[in-house]
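The values are calculated or read from the model by the stated rules, or taken from the named source; none is laboratory data. As the structure is a prediction and not an experimental result, all values here were calculated from the model. No Cβ is skipped: glycine too gets one built from the backbone with ideal geometry, and neighbour counts run over all protein chains shown.
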């Protein structure tokens, strides 16, 4: 006699966890996204950030996102966007390279010889 039923998983449906997405309206990310959506409701960057936020919440809660490969692409895209704003674009670096470099003036240094302290610690 078998101890388990074969193929009938209907009695296990209650074990599936229900997804609940709780939002803290005071969090800086949510505040920024709220302002972005209020000012321009069709802002593509804000919509991509919301999708990434949802997928990150899925992963941190132990769920698998609908398309894991697409999640990686979203993360790389957001990293590129964030880093480009922080360190500038390639054209900014080229402009800085074309500028005349700043050469500091030379300063003379004084050489000081060590002196023994007679019996002092």
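The table that follows gives values for the structure above.
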quantity	calculated
Selection count where residues are loosely packed, with under 11 Cβ neighbours inside 10 Å and touching a helix residue (DSSP H, G or I) at 6+ places or on another chain (Cβ under 8 Å), scope the range 48-65	1
One residue from 25, 101 being in a loop (DSSP other than H, G, I, E, B), modelled with pLDDT of 65 or more and either surrounded by 12 or more Cβ atoms within 10 Å (Cβ to Cβ) or out of contact with any strand residue (DSSP E or B) (no Cβ under 9 Å at 6 or more places or on another chain) (or both)	25
Condition broken by residue 38, with the remaining ones in (1) modelled with pLDDT of 90 or more; (2) in a loop (DSSP other than H, G, I, E, B) satisfied	(2)
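Every residue, every condition in (1) modelled with pLDDT under 65; (2) assigned to a loop (DSSP other than H, G, I, E, B); (3) touching a helix residue (DSSP H, G or I) at 6+ places or on another chain (Cβ under 6 Å); (4) surrounded by 10 or more Cβ atoms within 10 Å (Cβ to Cβ), yes or no:
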| site | (1), (2), (3), (4) |
| --- | --- |
| 74 | no, no, yes, yes |
| 79 | no, no, no, yes |
| 91 | yes, no, no, no |
| 95 | yes, no, no, yes |
| 106 | no, yes, no, no |
| 111 | no, yes, no, no |
| 117 | no, yes, no, no |
